[in-house]
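Asks: Quick one: structure below, then a few questions.
The values are calculated or read from the model by the stated rules, or taken from the named source; none is laboratory data. Note that the structure is predicted; figures quoted are calculated from it, not measured.
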Amino acid sequence: MLALIDFILCAFVFLITWRIARRFGWRGLAALLVVLAFFGPVRDHWYMRRFPEWGSYGSGFAPVLAISASDVVLVLVGHGVMRLVAGPARGDRLAQRPWEAAER
């Protein structure tokens, strides 16, 4: 239930991913997912050190992989829903670049 609430409250992230996909295509989205996979666990461990009453993680590398995988999966699912609702990011009329419009 808490993951659903977090998913709803952080929906602005999916607007950002849609914008990145519109500007840079699938390569930009892939780069964002790689960055998220590395910095997501760092962010979460910082939160746990800063606010220990929120929870704790087990020792070892498995929790780091789980955090990384869950962050990437949540962003992929959210971006997929954005694509279903809004259509492909490149198909948006605002996705046209000035130099592409001049060529037509």
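Asks: For the range 84-91, indicate whether the set of residues that are at pLDDT 85 or above and not β-branched (Val, Ile, Thr) is non-empty.
Replies: Yes, that holds for at least one residue.
Asks: Also, quick follow-up: Counting just the residues of the range 44-73 that are polar (S, T, N, Q) and over 22 Å from Ala11 (Cα atoms), which one comes out nearest to the chain's Cα centre (by Cα)?
Replies: Among those that are polar (S, T, N, Q) and over 22 Å from Ala11 (Cα atoms), it is Ser56.
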